[in-house]
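The values are calculated or read from the model by the stated rules, or taken from the named source; none is laboratory data. Note that the structure is a prediction, hence the values are computed from the model and not measured. To get the accessible areas, we keep the full protein, side chains included, count just its heavy atoms, and leave off ligands, DNA and RNA. Shrake-Rupley method; radii C 1.70, N 1.55, O 1.52, S 1.80 Å.
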Amino acid sequence: MAAVLLVAIFTVHLPYGFSSIKLEAVTAAGAHFGQPGYETDLLYLAALCALVLGGSGPLAIDRFLIRNHDRSFGESSGRPLEFEDVSPN
């Protein structure tokens, strides 16, 4: 995603400047906007960096699914059941 955003910045959005909203005119038909700049792409790059560095967080769906999966099959060490220690006590 970062590569796609960088290509978009340098090939499409760079000539239009930084701002993502360019109001060109307001007529009776409504507002007319120009081409967007690279501001939004930089915002998306920052969000991608935050996800890479910080992880998805405690409210992520994958943590919820893993928790439900462990609960439905019993708490395990994460290994398949055939490798679990099932020796009698």
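Report, by residue number, each residue of the range 19-61 that is among the β-branched types (Val, Ile, Thr) and in a loop (DSSP other than H, G, I, E, B). Result: Ile21, single match.
Against the definition (open to solvent by less than 60 Å² (accessible area, probe 1.4 Å), at pLDDT 80 or above and among the aromatic types (Phe, Trp, Tyr)), how does Tyr44 come out, yes or no? It is false that Tyr44 is open to solvent by less than 60 Å² (accessible area, probe 1.4 Å), at pLDDT 80 or above and among the aromatic types (Phe, Trp, Tyr).
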